[in-house]
Amino acid sequence: MSTQEIEIKVPPVGESITEVMIGEWYVAEGDQFAADQSLVALESDKATFEIPAEQGGIVTRILKQAGETAAVHEVIGYLQPAAAQAASAPAAAPASAPTAASSAPAPAAAKDSGGRVMPAAERLMSENNISAEAVTGTGPGGRILKEDVVRAAASAQPAPAGPRETRLVTLSPIRQTIARRLVEAQQNAALLTTFNEVDMSAVKSLRSTYRDAFEKKYGIKLGFMSFFVRAVVAGLQQYPQLNAQISGKTVTYYNYCDIGIAIGGGKGLVVPVLRNAENMSFADIEQAIIEYATRAKKNQISLEELEGGTFTITNGGVYGSLLSTPIVNPPQSGVLGMHGIFDRPVAVDGKVEIRPMMYIALTYDHRIVDGREAVSFLRLVREMIEDPTRLVLEV
């Protein structure tokens with residue numbers, strides 16, 4: 001290592017995390033970067049985070065490629081700060097002699113493509129006898145990625161055959177954790193799901209009436225989730241078994257409601273937590289959810305924001321789900337599943353009317369929650385949503 005090079009190390013990311021996976025390098029060897037520019041994305045089993053540059057400079061070496069794992073504090077690359085480059089400039093050799101920058105291993109260049117060929121892509125091109133000119137790079141700066149080569153190889157096949165490629169992709173740490181926890185929930189808890197349906201007419205009418213005033217005052221839209229969060233809090237306070245966690249022969253009951261909200265992020269489902277939701281107003285809830293959703297798409301949710309929930313709400317309705325059985329997020333004892341709002345014929349005062357209806361589902365751990373409490377909880381949530389003034393009056 002040159003004395004002017006600085007190590008790029010994996011930073012500590014949590015007490016229980018000892019290893020991460022390299023998600024994506026935003027720079028290649030030889031690239032220049034500015035201060036605070038993100039160099040690489042790292043993925044742990046709980047979240048994705050980035051390593052920013054403390055100062056401008058140039059990337060000299062990359063030791064760990066995307067998809068590879070690295071331990072906390074392990075060196076994954078080297079960079080040369082701009083100050084070191086400037087200091088070495090007066091001592092540079094004549095143009096005919098190789099300079100420090102030109103003597104470093106140069107990345108493979110894609111001729112006429114305006115970018116570089118990434119190592120994995122270069123290997124695949126060699127295996128399939130594909131030239132760089134035949135590949136369109138879609139990576140940053142026009143770099144040719146492995147996926148670009150796969151597409152080029154597929155398009156080069158005879159038309160009647162069609163694409164028949166296969167891909168071997170390592171599960172990201174987040175997906176591995178999701179898979180492990182869901183299997184654990186199925187194996188270690190006595191899960192049971194109960195269902196109900198909610199007439200959303202009153203909530204839709206209330207939102208329509210106060211939509212403009214709410215948005216003008218708080219700068220955010222009034223969504224459905226804040227109603228359900230408030231209804232769930234009321235239910236948890238009345239049926240504390242659903243706000244408890246079992247461990248061996250002991251049960252921990254919480255006198256606060258930390259509600260996890262399942263949100264689809266850039267790397268998969270994340271469940272950030274609304275701390276002390278019992279003290280949050282409608283505006284507080286909506287603002288927090290919007291902020292979480294925005295940051296989840298950019299993989300900017302911190303580990304602390306994902307830990308410690310006492311109950312979870314998930315909304316499959318945003319994807320068009322009619323009905324599902326959500327899985328408890330261990331060690332929690334319950335999860336509420338919201339679904340799509342669809343007009344359906346229902347009996348109202350002895351007459352058939354078309355109403356906007358939503359199915360709701362409560363999956364609970366039968367080891368600690370009896371059916372009576374679960375059904376009563378879900379019925380209370382329904383009643384609160386169908387008469388939302390109760391949420392305001394807290395009755």
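Read-outs: derived from the displayed coordinates by stated rules, not from any lab. Worth saying up front: this structure is predicted, and the values here are computed from it rather than measured. In this analysis, Cβ positions are derived from the backbone assuming ideal geometry, glycine residues included, and neighbour counts consider all displayed protein chains.
The table for this structure:
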| item | result |
| --- | --- |
| Average Cα contact separation per residue, the chain, under 8 Å, 6 or more apart, as relative contact order % | 15 |
| Extended-chain gain in nm, criterion 0.36 nm per residue less alpha-carbon gap, Asn129 and Tyr253 | 38.3 nm |
| Ser172, Ser376 arranged by Cβ crowding within 10 Å, fewest neighbours leading | Ser376, Ser172 |
| Of [x] 27.9; [y] 26.1; [z] 19.5, the label for mean projected area of the Cα convex hull in nm² derived from the coordinates | [x] |
| Proximal charge balance of Val348 [Cβ under 12 Å; K/R count +1, D/E count -1] | -1 |
| Candidate aspartates and glutamates for bridging to Lys204, where Cα separation is under 14 Å - those fewer than 8 sequence places away on the same chain excluded | Asp212, Asp343, Glu386, Asp387 |
| Interchain or long-range residues, amide H under 5 Å from Leu274's placed H | Ile259, Gly260, Ile261 |
| Burial ordering of Ser324, Ser44, fewest other beta-carbon atoms within 10 Å first | Ser324, Ser44 |
| Counted charge near Leu145, where neighbours are those whose Cβ lies closer than 11 Å (Asp, Glu -1; Lys, Arg +1) | 0 |
| Within a Gaussian network of the chain (alpha carbon springs, distance under 10 Å), most fluctuating of Gln37, Gln245, Gln187 | Gln187 |
| Residue with peak Gaussian network fluctuation, the chain [Cα springs, cutoff 10 Å], from Ala293, Ala152, Ala361 | Ala152 |
| Relative exposure of Lys146, Lys298, judged by other C-beta atoms within 10 Å (fewest first) | Lys298, Lys146 |
| Axial C-alpha extent at least 18 Å, average Kyte-Doolittle at least 1.0 - helices from the chain (DSSP) | 225-238 |
